[in-house]
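S.K.: This is the structure, below, for whatever I ask next.
The values are calculated or read from the model by the stated rules, or taken from the named source; none is laboratory data. Treat the numbers as computed from the prediction; the structure is a model and nothing was measured. As a convention, Cβ positions derive from the backbone with ideal geometry for all residues, glycine included, and neighbour counts pool all protein chains shown. Side chains are part of the model used for accessible areas, which takes the heavy atoms of the whole protein and leaves out ligands, DNA and RNA. Shrake-Rupley method; radii C 1.70, N 1.55, O 1.52, S 1.80 Å.
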Amino acid sequence: MMQAGVTLDIQPDSQALAVQAADFIAAQVRAKPTLSILVATGNTPMPTYAELGRRAARGDIDFSRVTAVQLDEYLGLSDHDPRSLWGWMERSFVTPLGIRQSIRLADPAAFEADIAALGGIDLAILGLGPNGHLGFNEPPSPPTAPTRVLALTPASLESNRAYWGELSVPTHAITAGMNVILSARAVLLLVNGAHKRDILRRTLEGPETPDVPSSLLRRVPLTVIADEAAWT
Ligand code: GLP
């Protein structure tokens, strides 16, 4: 039995997950065409973004008035570095969906002021770090943790290695704070694969604790779409 405010939707595989997540996001954009979306990169949401891109290309949905807001970024990279998470968000989400406005995460105070000027985040699309991190809110991250620069934990350095082949993983990052994530009007958490099973259980059924930042999502309107491998 899930907590009030939490919806758990289990899909047979990652492709079905992507279709379901695309439906959820598209419904939100139809209800509010000026939706502001906090956008995770990482592997999990890529099929969802590809599905949304196909729908946008067909003219099924119009993202032109949506604002994309960057969730996290490594420190110390040039704009054209292939590891730039800004670049990844542009390639996978902003460009294929036809989004015209995006907010970049570079300076914590300016970023939070930009979000306030936007009227807050309507929807946060998040992946789940293997240690429960959200963006790069590494454990422990209390609910008040602001947008900030921090050193990546060994677990995050290890999981991020999968993205970059021979390239190293930068040691420091900047992340939208837990304060930003927990102020979102809705959160969509996407989880797939057996390697996420333990942390998904701790997210939804363990104690709500800064030691598992994702467990704090249970205090906001949360929809989790997971595949069977991540839950059963
Ligand atoms: C990464 C990123 C997060 C991402 C998460 C899960 O370290 N900082 O933004 O959501 O971990 O990544 P993946 O979807 O590749 O499992």
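S.K.: Which ones in segment 93-126 are small (Gly, Ala, Ser), surrounded by 17 or more Cβ atoms within 10 Å (Cβ to Cβ) and either in contact with a Gly (Cβ under 8 Å, 6 or more places away or on another chain) or under 16 Å from Gly177 (Cα atoms) (or both)?
M.R.: Within segment 93-126, the first condition is being small (Gly, Ala, Ser), and the residues that meet it are 98, 102, 106, 109-110, 113, 116-117, 119-120, 124.
Retained after the next criterion (residues that are surrounded by 17 or more Cβ atoms within 10 Å (Cβ to Cβ)): 102, 124.
The answer is Ala124, and nothing else.
S.K.: Report the residue count in segment 49-60 for those that are buried (at least 20 other Cβ atoms within 10 Å of the Cβ) and either of a type in the set (A, V, I, L, M) or assigned to a loop (DSSP other than H, G, I, E, B) (or both).
M.R.: Of the residues in that region, 1 qualify.
S.K.: Can you tell which of Thr147, Thr175 is touching a helix residue (DSSP H, G or I) at 6+ places or on another chain (Cβ under 7 Å) and more than 23 Å from Leu8 (Cα to Cα)? Let's see the steps before the verdict.
M.R.: Working: Thr175 fails: touching a helix residue (DSSP H, G or I) at 6+ places or on another chain (Cβ under 7 Å).
Going through Thr147, Thr175 in turn, the sole match is Thr147.
S.K.: Kindly evaluate Thr44 against the criterion of being open to solvent by less than 60 Å² (accessible area, probe 1.4 Å), modelled with pLDDT of 95 or more, within 15 Å of the ligand (Cβ to nearest atom) and part of a loop (DSSP other than H, G, I, E, B).
M.R.: Working: open to solvent by less than 60 Å² (accessible area, probe 1.4 Å): yes; modelled with pLDDT of 95 or more: yes; within 15 Å of the ligand (Cβ to nearest atom): yes; part of a loop (DSSP other than H, G, I, E, B): yes.
Considered against the rule, which asks whether it is open to solvent by less than 60 Å² (accessible area, probe 1.4 Å), modelled with pLDDT of 95 or more, within 15 Å of the ligand (Cβ to nearest atom) and part of a loop (DSSP other than H, G, I, E, B), Thr44 comes out as yes.
S.K.: Does any residue of segment 7-19 turn out to be assigned to a helix (DSSP H, G or I) and out of contact with any helix residue (DSSP H, G or I) (no Cβ under 9 Å at 6 or more places or on another chain)? Give the derivation first.
M.R.: Within segment 7-19, the subset assigned to a helix (DSSP H, G or I) is 14-19.
Add one more test, that the residue is out of contact with any helix residue (DSSP H, G or I) (no Cβ under 9 Å at 6 or more places or on another chain), and what stays is 16.
Within segment 7-19, one or more residues are assigned to a helix (DSSP H, G or I) and out of contact with any helix residue (DSSP H, G or I) (no Cβ under 9 Å at 6 or more places or on another chain).
S.K.: Next question. Between a first residue in segment 30-48 that is among the charged types (D, E, K, R) and a second residue that is more than 10 Å from the ligand (Cβ to nearest atom), which pairs have beta carbons less than 8 Å apart while being 6 or more apart in sequence or on different chains?
M.R.: Arg30/Ile61; Lys32/Asp122
S.K.: Considering only residues that are open to solvent by less than 70 Å² (accessible area, probe 1.4 Å) and touching a residue at least 12 places away in the same chain (Cβ under 8 Å), which ones fall in segment 80-92?
M.R.: Of everything in segment 80-92, those that are open to solvent by less than 70 Å² (accessible area, probe 1.4 Å) and touching a residue at least 12 places away in the same chain (Cβ under 8 Å) turn out to be Arg83, Leu85, Trp86, Trp88, Met89, Glu90, Ser92.
S.K.: Keeping to segment 24-41, report how many residues are part of a loop (DSSP other than H, G, I, E, B) and among the hydroxyl-bearing types (Ser, Thr, Tyr). Reasoning before the result, please.
M.R.: From segment 24-41, those part of a loop (DSSP other than H, G, I, E, B) are 32-35, 40-41; that's our starting set.
Pick out the ones that are also among the hydroxyl-bearing types (Ser, Thr, Tyr) and you get 34, 41.
Of the residues in that region, 2 qualify.
S.K.: Name the residue that is farthest from His172 (Cα to Cα), counting only residues in segment 66-79 that are over 20 Å from the mean Cα position of the chain (by Cα) and touching a residue at least 24 places away in the same chain (Cβ under 8 Å).
M.R.: Selected residue: Leu77.
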